[in-house]
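In what follows, a structure is listed as structure tokens, so that the remarks can point back to it.
The values are calculated or read from the model by the stated rules, or taken from the named source; none is laboratory data. Bear in mind that the values here come from a model prediction, so they are computed numbers and not experimental data. Ligands, DNA and RNA are excluded from the accessible area calculation, which covers all protein heavy atoms including side chains. Shrake-Rupley method; radii C 1.70, N 1.55, O 1.52, S 1.80 Å.
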Amino acid sequence: MTTEYYNLLKNPQWFEKRITILARDNNKCRCCGATTELHVHHRQYHVSKRTREMLLPWNYKDKYLITLCEKCHLAGHTKFRVPTFTI
């Protein structure tokens, strides 16, 4: 994760989006059911056709976000590359 992206995750808009996704997923990892060390993971990344820039983390539709525990999140990133789409 780049420093710039990490700093975006400190934005109040991301905190609001994160709370929404955690609540939707009943504050549990969607893979193993853990209730601690929860992360909100982007299932895919989007780049704007118009600006050619990545969407801000909180500007994704909820369906592209999922709650994972730290262990499952790390395992997912180890096994799979998050796809990037131009929208």
How much solvent-accessible surface does LEU74 expose, in Å² to the nearest 10, with a 1.4 Å probe and all protein chains in place? 120 Å²
Accessible surface of LEU55 - all protein chains present, 1.4 Å probe, nearest 10 Å²: 40 Å²
Looks like the chain, by Cα gyration tensor root eigenvalues a ≥ b ≥ c and the a/c under 1.5 rounded cutoff (else prolate when a/b is bigger than b/c, oblate otherwise), is prolate
Solvent-accessible area of CYS69, probe 1.4 Å, all protein chains present, reported in Å² to the nearest ten, please. 10 Å²
Could you work out what % of the accessible surface of the chain is carbon and sulfur, using a 1.4 angstrom probe and leaving DNA, RNA and ligands out of the count? 53 percent
Percent of beta bridges antiparallel (DSSP, the chain, rounded to nearest 5): 65 percent
Go ahead and estimate [θ] at 222 nm for the chain from helices alone: -39,500 (n - 2.57) per DSSP H run with n ≥ 4, summed, over the residue count, rounded to 500. -9500 deg cm²/dmol
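Sorted by accessible area with a 1.4 angstrom probe, largest first, how do THR67, THR86 fall?
Final ranking, largest accessible area leading: THR86, THR67.
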Pick out which of LYS28, LYS63, LYS71 has the largest mean-square fluctuation in a Gaussian network model of the chain, springs linking Cα atoms closer than 10 Å. LYS63
Using the alpha-carbon atoms, what tilt in degrees (0 to 90, nearest 10) does helix 70-79 show relative to the longest principal axis of the chain? 50 degrees
Counting heavy atoms of the protein chains only and a 1.4 Å probe, report the per residue accessible area for the stretch 35-84 as a whole number of Å². 69 Å²
Would you mind getting the Kirkwood hydrodynamic radius of the stretch 35-78 from its Cα pairs, rounded to one decimal in Å? 11.6 Å
